[in-house]
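Please read the structure below before turning to the comments.
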Amino acid sequence: MGKLIVISAPSGAGKTSIVHFLLQNLETLSFSVSACSRAIRDNETDGVDYHFLAAEQFKKEIKENAFLEWEEVYENQYYGTLKSEVERIWNEGKCVIFDVDVEGGLNIKKQYTTECLSIFIMPPSLAVLEERLKSRGSESAESLQKRLTKAKGEIAKSEEFDKVILNDNFDVACKKSMEAIQTFIG
């Protein structure tokens, strides 16, 4: 069985940027493309950023036990990890890296306790997190508030992760993440 690397954080903490850095610098890693039922954003590609599924298709896949983990993050907005993605990467002889929300990350860690390294990317503060989310330009006032409320609960769960890495300096956070993964993979 291969190894799994989980990178989790509140939305806007920088986990996706750190995962991109890790993928460019560690050849042993391969990205697990999550599935979701939310609308595709202008800068995203189906099958690269996410497997975009209609909510009804997502529910059908849940019933067919196609997911390693999944959750309804917001009403009718599902996110999950397809078992087929993990199998595909392990068959290539690589380690799976996940860019998942906190609940998803903890669910994966529970299923693969010894094969999984879970890393929580900590934002410098909620104020910085709010600014990062606003700068995306993709959040309404209501969705911004939902994400910030959710972030508070997610930060409280950071101690359940193997490593917590503060992202107040992107280069340092990338370096610390890479060192933790290299030590874990051996």
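The values are calculated or read from the model by the stated rules, or taken from the named source; none is laboratory data. As the structure is a computational prediction, the values presented were derived from the model and not from experiment. Neighbour counts run over all protein chains shown; Cβ positions are idealised from the backbone, glycine included.
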Q. Within region 34-58, which residues are part of a loop (DSSP other than H, G, I, E, B), at pLDDT 90 or above, under 18 Å from Ser143 (Cβ atoms) and not small (Gly, Ala, Ser)?
A. Arg38, Ile40, Glu44
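When only residues in region 159-186 that are of a type outside the set (A, V, I, L, M, F, W, C) and under 18 Å from Glu130 (Cβ atoms) count, which is farthest from the chain's Cα centre (by Cα)? Let's see the steps before the verdict.
Residues of region 159-186 of a type outside the set (A, V, I, L, M, F, W, C): 159-160, 162-163, 167-169, 171, 175-177, 179, 182-183, 186.
Restricting the remaining residues to those that are under 18 Å from Glu130 (Cβ atoms) gives 167-168.
Working: Asn167: 15, Asp168: 19 Å.
Taking the candidates together, the pick is Asp168.
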Q | Test for Gln77: is it among the polar types (S, T, N, Q), under 21 Å from Met178 (Cα atoms), surrounded by fewer than 21 Cβ atoms within 10 Å (Cβ to Cβ) and without any contact (Cβ under 8 Å) to a residue 60 or more places away in the chain | A | no
Q. List the pairs whose first member sits in region 36-65 and is small (Gly, Ala, Ser), whose second member is in a loop (DSSP other than H, G, I, E, B) and surrounded by 12 or more Cβ atoms within 10 Å (Cβ to Cβ), and whose Cβ atoms are under 8 Å apart, counting only residues at least 6 apart or on separate chains?
A. Ser37/Leu53; Ser37/Asn76; Gly47/Val33; Ala54/Ser37; Ala55/Ser37; Ala55/Asn76
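Residue-by-condition table, conditions (1) over 17 Å from Met178 (Cα atoms); (2) hydrophobic (A, V, I, L, M, F, W, C); (3) in contact with a helix residue (DSSP H, G or I) (Cβ under 7 Å, 6 or more places away or on another chain):
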position: Leu4; (1), (2), (3): no, yes, yes
position: Pro10; (1), (2), (3): yes, no, yes
position: Gly14; (1), (2), (3): no, no, yes
position: Leu23; (1), (2), (3): no, yes, no
position: Glu27; (1), (2), (3): no, no, no
position: Ser32; (1), (2), (3): yes, no, yes
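Can you confirm whether Ile181 is buried (at least 20 other Cβ atoms within 10 Å of the Cβ) and assigned to a strand (DSSP E or B)? Lay out the reasoning, then the answer.
Details: buried (at least 20 other Cβ atoms within 10 Å of the Cβ): yes; assigned to a strand (DSSP E or B): no.
Here the answer is no, as Ile181 does not meet what is asked.
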Q: Collect the residues in region 149-178 that are among the charged types (D, E, K, R), in contact (Cβ under 8 Å) with a residue 40 or more places away in the chain and crowded, with 16+ Cβ neighbours inside 10 Å, keeping them in residue-number order.
A: Lys150, Glu154, Lys163
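Matching residues to (1) at pLDDT 95 or above; (2) surrounded by fewer than 18 Cβ atoms within 10 Å (Cβ to Cβ); (3) in a helix (DSSP H, G or I):
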{"position": "Met1", "(1), (2), (3)": "no, yes, no"}
{"position": "Ile5", "(1), (2), (3)": "yes, no, no"}
{"position": "Ala13", "(1), (2), (3)": "no, no, no"}
{"position": "Lys60", "(1), (2), (3)": "yes, yes, yes"}
{"position": "Thr81", "(1), (2), (3)": "no, no, no"}
{"position": "Arg88", "(1), (2), (3)": "no, yes, yes"}
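Outside any helix (DSSP H, G or I) and either out of contact with any helix residue (DSSP H, G or I) (no Cβ under 6 Å at 6 or more places or on another chain) or crowded, with 21+ Cβ neighbours inside 10 Å (or both), is that true of Gly93? So that I can check it myself, show each step before the final result.
Working: outside any helix (DSSP H, G or I): yes; either out of contact with any helix residue (DSSP H, G or I) (no Cβ under 6 Å at 6 or more places or on another chain) or crowded, with 21+ Cβ neighbours inside 10 Å (or both): yes.
Considered against the rule, which asks whether it is outside any helix (DSSP H, G or I) and either out of contact with any helix residue (DSSP H, G or I) (no Cβ under 6 Å at 6 or more places or on another chain) or crowded, with 21+ Cβ neighbours inside 10 Å (or both), Gly93 comes out as yes.
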Q) Can you name the number of the only condition in (1) in contact (Cβ under 8 Å) with a residue 12 or more places away in the chain; (2) more than 28 Å from Gly2 (Cα to Cα) that Ala141 fails? A) (1)
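Collect the residues in region 26-42 that are surrounded by 14 or more Cβ atoms within 10 Å (Cβ to Cβ) and either within 22 Å of Trp90 (Cβ to Cβ) or aromatic (Phe, Trp, Tyr) (or both), keeping them in residue-number order. Spell out the reasoning first.
At the first step, the residues of region 26-42 found to be surrounded by 14 or more Cβ atoms within 10 Å (Cβ to Cβ) are 26, 28-38.
Across region 26-42, the qualifying residues are Leu26, Thr28, Leu29, Ser30, Phe31, Ser32, Val33, Ser34, Ala35.
If we keep just the residues of region 107-148 that are small (Gly, Ala, Ser) and outside any loop (DSSP other than H, G, I, E, B), which is surrounded by the most Cβ atoms within 10 Å (Cβ to Cβ)? So that I can check it myself, show each step before the final result.
If we filter region 107-148 for residues that are small (Gly, Ala, Ser), which is where we start, we get 118, 125, 127, 135, 137-138, 140-141, 143.
Next, from what is left, pick out any that are outside any loop (DSSP other than H, G, I, E, B): 118, 127, 135, 141, 143.
Numbers: Ser118: 24, Ala127: 10, Ser135: 10, Ala141: 8, Ser143: 13.
Per the criteria, the residue is Ser118.
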